[in-house]
Every structure is written in structure tokens, then in C-alpha cells.
Amino acid sequence: MKRFPFYAWLAILIVVPALAQQPQPAPTPAPKTVYIRAGHLFDGAGDKTRENMVIVVSGDRIQSVSPASAASIPAGATVVDLSHATVLPGLIDCHTHLGARADRYDEIYNFKDTPFQSAFAAVVNARKTLEAGFTSVRDVGSLPFLAVDLRNSINEGLVPGPRIVASGPPISITGGHGDLNNFSPQTRVSMFPEERDFQIADGVDQIRHVVRAQVKYGVDVIKILATGGVLSKGDSPGAPQFTPEELKAAADEAHMAGRKIAAHAHGTQGIKNAILAGIDSIEHASLIDDEGIRLAKEHGVYLVMDIYNDDYILGKAIEFGLPKENVDKERAIGRLQRENFERAVKGGAKMAFGTDAGVYPHGDNAKQFFYMVKYGLTPAQAIRAATSNAADLIGRARDVGTLEPGKFADMIAVTADPLQDVRALENVGFVMKGGAVVKDTITAKR
Ligand SMILES: [Zn+2]
């Protein structure tokens, strides 16, 4: 047995009486209670709306949800009257890049912008995203470790924004979707030469190292690039990147650290490699085939298919200097991705809402609902992809995704009926996050 050293006894002699003399902390005031009248309520758990409901919010959580006839609202209580609106859970976008700007397509910005430019943009983008009704997002790629710091700043109340599940930079092979390709070998943009920007990894050992390094600096989720991409140079979206062994090492290492892992994968084989490696969600999934759909179902893997941004990439992005190589790739893949989304819906694959915000302007996230319905989901299914399904994928189902007792009071309201026309979600008039009203153009008007 180790001896208890003398100075330790001394510390107890000094500290314990000091603690005993501490004044008792003042009792914390009872949490504020708010009563929300919901004319129509879509709670995200089922497919239908319920009429004339009352949601009781205590502090930052939902205390109860009940028919208005069964609820007693005390005189003088704080009431939010949304009796002429549809109330829904706060929306969740599982694929955003808050540090990215949709007007920065010219290659020159790789060399002109400092990381601070991206961070300032992220502060503005976070607010736009929240005000559009997205109370949670997963950020799947930014400079190291912008999304982590933004998450922490929002949680501290320093800046407004959604709850963030943060990744680090997406992990890429040398010459892959995450690398800076086709410049002279003398060209280098690097903040962290030793860690290769926490981004480039070749071989199982390097992958394990980068995943561990990202976890060390606070990421919630790992993002890996399992095929080439549309918006990179010198690679093909259809071609696998990383071997099955490398992908498996990444998934194992992430899971060992209690993190989920998302794989960017356009190509048919890369999608299958990622699913078989144990990845939790396939991002883009553009060229998924029937076998890929079956594997995704079998392994319980979510597909996160960004089927709105094709409109923007082939429109505004070209005006903002998107190089021809990238335009050609999007032309080859965008339409196929929408058709394969429809095929995956019919095949019964699990869908979570993710848009690649940052490729198009932040705040326009809800424009994707229209396409999800056009290509096979019912409005209720599309909304559930952005609420309960998304919460499940990002590992936050205990806190967000449905309007049920015990969850965070994250909710939105719209005046048109989103189950009739899902585009109603493009005009969110009321946003509450954690019991605090963030935006309200509905009750103010009445
Ligand atoms: Zn992305």
C-alpha cells in the first residue's frame, strides 16, 4: 500500500474547513414555463398531424404534448399562439459545410483566403441556417478545427447557430477529392505540415493516426472520402479512393473512439466498399446500384443524397468561376443521382436529409424537400428524413428530432401546410431552439 503523504493530510486540514464555511448557493430559480398552442402538430414520430395541441416547454426541454382540451394553461402564463400554423420539430441537415461559401468557386481562393475568412463566413452561415429552421446540423468538412470551435462558441451562447455535430477536414488519399491537385509540386497551402492538414492519409497506419488526431482535437464524427468528387480536380467521382482495408481501419478507429463515420461516395464500387467497411452513412450515393441499395438496407446504413444542389452548381456556380472540369462532372452525375434517389426510395433504403450546404448558399437548405418528394418520398417521409431519421443518424435521437416530452424544445412553425406542399418549409416563420425564440414572424403578425 502506498503511504498517504503528509502534505495530503495538510491539504485536507486546510481545504475541508474552508469548504464547510462556504455560503450555501442560492436556490436556482424554477425553469421558465412556456405554453405553445399548435393549430396543427407534426411531431416527427408519426406520419400524421394532430389538431389543436398544446406543447408545454419547461426551461430548454419539452415537458408535455397534449390536446388543447386536456391542457390547463394557468392565468398569466406565457403563451405562444401558433394556433393558425403547423408546428414541427426543428429541422436537421446532415450534410453541411458551414465554413464554405457558395460564391468562392474560382481556384484563386485556395491561395488568397486565410482560415479566418472561412471562420467569419461560418458565423454568418450558422445564423442563416438556424433562421431557416435548421436547429441541428452535421458539419462534414471544414478547415481544422473550425466546426469544433463554432460548435463550442454556439453552445457557449457567443454566437447564434444550430446545434452542431462537428467533423474535422474530410480524410483523403494523396491526389484524392480532399487534396489540392494539378498544380506544380512546389505549390503548397498548409497550416499543419506535420499532420498534413489532418486530412491526407495513405495506408492503414496513417489513417489511424489522422482519425486519432481529429478525435484528440474534439470532433464528434469522422468524414472520409471513399471516391473521387465533383468539385475537385484530377479525379473521377466514379473511382474508388482508399482500399477496403483502409476504409475498415477508419471505421474501426472511429467506432473505437465512440464516433460515427460518414463516407463521401459517388461511385458504385466505392459505395459498396464503404458499406462493407462499416461506415454509418453514405454521402451523395450518386451512382448507387441495386446491390448497393440492398447492402445499405442490410447494414442499416443511411443514404444522405444531396439532390437539390445540381440546380445551383449548373447555374450560379458557373458564374462564380467553377472550372469546366467540375461543370462536366456535375453534368454527368447530377441527373443520375436524382434517378438513383428514386430507385433507393423504392428499394426501401433509409434516407436522412443532407444537402451539401456551402456548395449552394446557406439558408436555402429546405429547397431540397421539393426534390425529395418529386423523386419518390411522401412529404411526411421527407420531413421525417430531416427530423427523426436525421437525429438517429447523427446520434442525437435522445435530444432532438421529434416533439416529445424530454426532448429539447427545438421547433419550427409554418403557415402553409407542408404535408400538402412541402415547399411550405422554404418559408419558416417561427424558430425555437432550446426553449428560446430565435425568429418569429407568425405571432408578431397576428
Ligand atoms: Zn460535402
| field | Positive-end residue of Ala147, Val34, Ala100, charge dipole of the range 23-149 with Cβ unit charges | value | Val34
| query | For Ser190 and Thr441 in one chain, what is 0.36 nm times their gap in residues minus the Cα-Cα distance, to one decimal in nm? | reply | 85.9 nm
| Cα-projected label distance for Asn181 with His299, points at 7 Å along beta-carbon direction, nm | 2.3
| note | Mean shadow area (nm²) of the C-alpha convex hull around the range 297-408 is 8.0
| field | Sequence-distant residues sharing a close amide H with Thr135 (under 5 Å, placed H) | value | Leu91
| query | Hey, what do the phi angles of the range 414-423 turn into as Karplus ³J(HN,Hα) couplings, whole Hz, using 6.51/-1.76/1.60 and θ = phi - 60°, x for Gly and Pro? | reply | 10, 8, 8, 8, x, 7, 7, 9, 5, 5
| task | Please work out the FRET efficiency for the pair Leu276 and Ala397, using the Cβ-Cβ distance as r and a Förster radius of 22 Å; give the result to the nearest 0.05. | result | 0.30
| If r is the Cβ-Cβ distance from Glu291 to Tyr217 and R0 is 35 Å, what FRET efficiency results, to the nearest 0.05? | 0.40
| field | the range 107-197 - charge dipole about Cα centre, Lys and Arg +1 at Cβ, Asp and Glu -1, debye rounded to 20 | value | 240
| remark: Under the helix-only model (-39500 (n - 2.57) for each DSSP H run of 4 or more, divided by the residues of the chain), the mean residue ellipticity at 222 nm, to 500 deg cm²/dmol, is -9500 deg cm²/dmol
| request: Would you kindly derive the ³J(HN,Hα) couplings of the range 198-207 from the backbone phi angles with the Karplus curve 6.51 cos²θ - 1.76 cosθ + 1.60 (θ = phi - 60°), listing them in order in whole Hz, with x for Gly and Pro? | output: 6, 9, 9, 8, 10, x, 4, 5, 5, 4
| task | Quote the Stokes-Einstein diffusion coefficient, in whole µm² s⁻¹, for the chain, based on the Kirkwood radius over alpha carbon pairs, a temperature of 25 °C and a viscosity of 0.890 mPa s. | result | 106
| query | Roughly how big is the chain's charge dipole about its Cα centre, with Cβ charges of +1 (Lys, Arg) and -1 (Asp, Glu), in debye to the nearest 20? | reply | 1080
| task | At 0.36 nm per residue, minus the direct Cα-Cα distance, what do Gln117 and Val79 gain on full extension? Give it in nm, one decimal, please. | result | 9.6 nm
| note | antiparallel share of DSSP beta bridges within the chain, to nearest 5, in %, is 45
| Selected from Thr86, Val211, Val65, residue furthest toward positive end of dipole (the chain; charges at beta carbon) | Val65
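Every number here is computed from the coordinates shown, using simple stated rules; none is lab data. Given the structure is predicted, the values throughout are model-derived calculations rather than measurements. For neighbour counting, all protein chains shown are included, and Cβ atoms are generated from backbone atoms with ideal geometry for every residue, glycine included.
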